[in-house]
Each structure stands twice: as structure tokens, then as C-alpha cells.
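The values are calculated or read from the model by the stated rules, or taken from the named source; none is laboratory data. The structure presented is a predicted model; accordingly, all values stated were derived computationally and were not measured. With ideal geometry, Cβ positions are generated from the backbone for all residues, glycine too; neighbour counts draw on all protein chains shown.
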Amino acid sequence: MKTCHWFRITIFFLAVITIVFLPLMASDCFSSATAEQSDAPLPTVNSIPQDVNQILLVTGNSFPFFKSRKVYVLERTGSEWRRAMEPFDASIGRNGFAPYGEKREGDGRTPSGLYRLGTAFGYAESAATKMPYRQSLPDDVWIDDPNAPDYNRWVRQSQTRALSFEKMKRADHLYKYGMVIEYNTDPVIKGRGSAIFLHIWAGPKSTTAGCVAVSEENLLRILNWLDPAAKPAILMNPEPALKRKILQ
């Protein structure tokens, strides 16, 4: 009898809990944190603008013992995309790709999404490219201090008060040639990430702080191929459906 009595009491309290708390769980009492989240991911990229006729598609696959990152060099012919050269290996951020809209300063991730390719740069006075080119000088820096007014901008070190920046003329070869990926540049949003480039890698098994890196040979091929009239862009970590559509 006692067992039956306690069973009925337990059933009664379970019913009360269900009636009282289930509506609350569906209400703003539990969803307000999500509703007020200002850093919610942006909509994913599902198509390519019609004026973009050259694309670098950066994608990756994970296997049990290694990860494969590839760059596909593509150009639009009519309504289709064709490969301008064979795909080649690439390096990305040490922590992989950040989902679209979730890249943050210092997170070691490469931003996902579609972005225009901007100015080419390097240590030499010029490079074999049709793209706008800027020589990197010893005083040139790229600001990665989110609190600086010139955050995510290329400026002269002598003209900034930023507490953190990246030298554009390094002591190594990584920026011997490179290209600005127009991520978080227009508008610049504080803390969303800075200095995202396409540049020379440290080696085939290396990683970056968030940039995309390839061999010097392949980077020179890209620079020579790019045409500003084709409004070139880079598509990083595309949605599977868009990737299939482009590479079909």
C-alpha cells in the first residue's frame, strides 16, 4: 500500500511540473538569451554574384589521420565554372574554419564566406600581375588592435598609436608575395578579425593565424592569372550545395 501511495504522489508532482514549466520552456524566459544574442551567425552564402567571373575556392576534408585543404582556381564561362588550373594544397588557420559570421580576432580560424580579392603586395617594387600592387616597406604595418581607430587597416607604424599590429615586410618569406582578402574591411567591425591575406606558406604541413597560404609557385601563378576586370573573389569553406554546383 505504501508503495502505491508514493507512486501516486510521484505521478502527481510530475504532472504539476509538466503543466507549469513546459510553457515557460517555450517562452522568452528560456529563449531570451538566444533572442538577444548580437553575435548570431549571418546567413550562409548560397550563390555567386553575376559580376564575379574568377574565384579561388578554398575547401577542406578531414580524414582519420590527416586533413586536406585545397584551392580550386575557377573562371566563369557563360553559365558554368571551369578549372583554370589543377587544384593545389593550401594551409589555413590553426583552428580550422570559423563558421560564416563567427570569426573573431585572435581565434586562429579562417573566416568562411565569399570575399573580394583586393590589393596584391610584396617585398619587390612590382609583381607580374594585373591586380593593384603595393610594395611593403619597413614601416608598413597592418593593425590588429581592435580598440585602435585604424583597426584592420594598412598604415605606417610611425603614424599609428595601435598597441598591436603585424609587420607587412617580415624577416621571413611569408609575405614576399601576398594579396589582401577583403574580409571585415567595409565596414570594419571591431573584434571580428583582421589581416586576412592570401600569402606564401611556411610549408605544406604548416598552419596560419587565419590566412590562406599556398606555395610561392602557386601564388605567383594565381597573381599572374587574376584580372581585376573579372571582379575576382575567394570563397572559403563553402556550403556543400554551392561547392557541388561550382565544381560539377
Review point. Does Arg161 satisfy the condition of being charged (D, E, K, R), assigned by TED's automatic domain parsing to the domain that holds Ala241 and not in a loop (DSSP other than H, G, I, E, B)?
Key: no
Point to revise | Filtered residue count, the range 208-248, keeping only those that are in a helix (DSSP H, G or I) and either at pLDDT below 95 or in contact with a Cys (Cβ under 8 Å, 6 or more places away or on another chain) (or both) | key: 8
Point to revise | Residue among Arg134, Arg116 that alone is among the charged types (D, E, K, R) and either free of Cβ contacts under 8 Å to residues at least 40 places away in the same chain or surrounded by 18 or more Cβ atoms within 10 Å (Cβ to Cβ) (or both) | key: Arg134
Point to revise | Criterion (without any contact (Cβ under 8 Å) to a residue 60 or more places away in the chain, over 19 Å from the mean Cα position of the chain (by Cα) and surrounded by 15 or more Cβ atoms within 10 Å (Cβ to Cβ)) met by exactly one of Ala148, Ala127 | key: Ala148
Exercise for review: Go through Ala213, Ala195, Ala171 for me and flag whichever is among the hydrophobic types (A, V, I, L, M, F, W, C) and either in contact with a Pro (Cβ under 8 Å, 6 or more places away or on another chain) or over 25 Å from Pro232 (Cβ atoms) (or both).
Suggested key: Ala171
Study note, to complete from the structure: Residue count, the range 79-117, condition farther than 20 Å from Lys190 by Cβ and of a type in the set (Val, Ile, Thr), comes to 1
Check your understanding: Just wondering, is there one or more residues in the range 184-201 that are farther than 20 Å from Glu105 by Cβ and either surrounded by 15 or more Cβ atoms within 10 Å (Cβ to Cβ) or modelled with pLDDT under 95 (or both)?
Key -> yes
Point to revise | Subset of the range 154-166 (residues that are more than 14 Å from Gln135 (Cβ to Cβ) and either loosely packed, with under 11 Cβ neighbours inside 10 Å or of a type outside the set (S, T, N, Q) (or both)) | key: Val155, Ser158, Gln159, Arg161, Ala162, Leu163, Phe165, Glu166
Practice item. Among the residues of the range 136-156, write down those that are in contact with a helix residue (DSSP H, G or I) (Cβ under 9 Å, 6 or more places away or on another chain) and either part of a loop (DSSP other than H, G, I, E, B) or modelled with pLDDT under 95 (or both). Key: Pro138, Asp139, Asp150
